[in-house]
Amino acid sequence: LAKTTQPISMDSYEGQEVNITCSHNNIATNDYITWYQQFPSQGPRFIIQGYKTKVTNEVASLFIPADRKSSTLSLPRVSLSDTAVYYCLVATGGFKTIFGAGTRLFVKA
Amino acid sequence: DTAVSQTPKYLVTQMGNDKSIKCEQNLGHDTMYWYKQDSKKFLKIMFSYNNKELIINETVPNRFSPKSPDKAHLNLHINSLELGDSAVYFCASSPWTRGRGETQYFGPGTRLLVL
């Protein structure tokens, strides 16, 4: 099962770009990489998903190198409301998803 | 429109009691999940159901028993509650995409406190 490793916490300021990197060294061929965001007292919310190279949506970008052993979530121009916990997870077959400890992002004014 | 709903939102009870948490999704998804998030915020999958059939059962005490009366509902019954059961329990659902990395939609959580 692919395990993920992320930084425990990160600080940033409003307007900056934030990059959160996740390591998943034993990712399987069929695994996808998914990122979720969780605010206090709420359930996780899907941000972005990718398999390889780069994926971009209205919220974030996801960069995945060729070996797929890591991935980087990029949040452009963060605001105070982006303060949350960000989880990187790698899906395995049979719907068994493993959430890591997550990265606590603090955005300061 | 609530996509994934859970009841109750808060649950405070005594050790040894039996309690149930209900989950409903109106997204038409085939797969539903139960997760437990402890005080350290680790989110661990407990069960997964696809079309009312159990497909994942992690190492969870037998006191926890999920039941899926239909595709839209997945309830969690807990017998003989213990202090260590105190946590936030999240229900989630996703479409069937052959386990490649489905987008999961989470409910608001049920905060269980066992005294």
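The values are calculated or read from the model by the stated rules, or taken from the named source; none is laboratory data. Treat the numbers as computed from the prediction; the structure is a model and nothing was measured. Cβ sites come from the backbone with ideal geometry, for glycine too, and all protein chains shown count toward neighbours.
Before moving on, here are some points about what is shown:
- Residue in the range A:22-30 that is assigned to a strand (DSSP E or B) and within 11 Å of chain B (Cβ to nearest Cβ) present: no
- Qualifying residue in the range A:39-58 (condition: under 29 Å from residue B:89 (Cα atoms), crowded, with 18+ Cβ neighbours inside 10 Å and in contact with a helix residue (DSSP H, G or I) (Cβ under 8 Å, 6 or more places away or on another chain)): no
- Residue B:21 being touching a helix residue (DSSP H, G or I) at 6+ places or on another chain (Cβ under 9 Å) and of a type outside the set (S, T, N, Q): no
- The residues of the range B:59-115 that are free of Cβ contacts under 8 Å to residues at least 12 places away in the same chain and among the hydroxyl-bearing types (Ser, Thr, Tyr), listed by number, are B:59, B:97, B:103.
- For the range B:66-115, filtered to residues that are of a type in the set (D, E, K, R) and under 27 Å from residue A:32 (Cα atoms), the residue that is modelled with the highest pLDDT is B:71.
- Criterion (in contact with a Gly (Cβ under 7 Å, 6 or more places away or on another chain) and either surrounded by fewer than 19 Cβ atoms within 10 Å (Cβ to Cβ) or among the acidic types (Asp, Glu) (or both)) met by exactly one of B:39, B:80: B:80
- Residues within the range A:27-45 that are over 19 Å from residue B:88 (Cα atoms) and either in contact (Cβ under 8 Å) with a residue 12 or more places away in the chain or in contact with a Gly (Cβ under 9 Å, 6 or more places away or on another chain) (or both), tallied: 8
- Set A:51, A:36: member being in contact with a Pro (Cβ under 8 Å, 6 or more places away or on another chain), modelled with pLDDT of 90 or more, on the phi < 0 side of the Ramachandran plot and among the hydroxyl-bearing types (Ser, Thr, Tyr): A:36
- Whenever a residue of the range A:91-109 is aromatic (Phe, Trp, Tyr), its partners that are surrounded by 19 or more Cβ atoms within 10 Å (Cβ to Cβ) and modelled with pLDDT under 70, lying with C-beta atoms within less than 8 angstrom and at least six residues away or across chains, give the pairs A:95/B:99.
- Residue match in the range A:68-89 (condition: closer than 21 Å to residue B:90 by Cβ, crowded, with 21+ Cβ neighbours inside 10 Å and within 11 Å of chain B (Cβ to nearest Cβ)): yes
- For the range A:10-43, residues that are β-branched (Val, Ile, Thr), under 16 Å from the mean Cα position of the chain (by Cα) and over 15 Å from residue B:104 (Cα atoms) total 4.
- Any hit, the range A:50-58, residues being under 26 Å from residue B:107 (Cβ atoms), of a type outside the set (Phe, Trp, Tyr) and within 11 Å of another protein chain (Cβ to nearest Cβ): yes
- Filtered by the rule that a residue be in a strand (DSSP E or B) and free of Cβ contacts under 8 Å to residues at least 24 places away in the same chain, the range B:1-45 gives B:44, B:45.
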